[in-house]
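S.K.: Sharing a structure here in structure tokens format.
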Amino acid sequence: MSLREKGAVESRNLQPGVTVNADPEALKQVVDNFAHNALKYAPGAEQHWSVFRADGRAAIRLADTGPGISRQDLPHIFDRFYRGEKARDRSAGGSGLGLAIARSIVEAHQGTIEATSEPGQGATFTAWLPLAA
């Protein structure tokens, strides 16, 4: 099911020619985890996806217009089993592993992952990967 079928408003800016040496199924899981979190914690928010080159690396980025992530939660969102204050209610489902798995995949490909957010102004998740030679 596509993001649009799940009610997300999305836009894409995919720079042509950005190539990495990576397991495509693993990178799909990173993208799926970013999308799942945005749908879960920012339902109805716009999602802007981009793929681009910067500083000799490739980036996969999702920026959303949701409620953002609190300053106290932000440093921990890639920790295994961490669930932010809004996510502690288990009725929403999830185990707190999605972003930890995304980080593991990105790091296994010699990359880094980051999140930035201002409460009330959305969140941005970026996976940085080495460009293919």
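S.K.: How much length is gained on full extension from A133 to D23, taking 0.36 nm per residue of separation minus their Cα-Cα distance? Don't skip to the answer; put the middle values down first.
M.R.: Details: separation 110, 0.36 × 110 = 39.60 nm, distance 1.56 nm.
Full extension of this stretch gives 38.0 nm more.
S.K.: So what J values fall out for the stretch 99-109 if you push phi through Karplus, 6.51 cos²θ - 1.76 cosθ + 1.60 with θ = phi - 60°, rounded to Hz, Gly and Pro as x?
M.R.: Along the stretch 99-109, the couplings run 6, 5, 5, 4, 4, 4, 5, 4, 5, 5, 9 Hz.
S.K.: Using amide H atoms built 1.01 Å from N in the peptide plane, name the residues 5+ places from V9, or on other chains, whose amide H lies under 5 Å from its own.
M.R.: Result for V9 returns Q47.
S.K.: Tell me, what ³J(HN,Hα) does each residue in the stretch 52-57 have, in order and in whole Hz, if you take phi through Karplus 6.51 cos²θ - 1.76 cosθ + 1.60 with θ = phi - 60° and put x for Gly and Pro?
M.R.: Whole-Hz 3J(HN,Hα) from phi for the stretch 52-57: 7, 10, 7, 6, x, 10.
No value in this document is a laboratory result; all are computed from the given coordinates. Just so you know, these numbers come straight off a predicted model, no measurement behind them.
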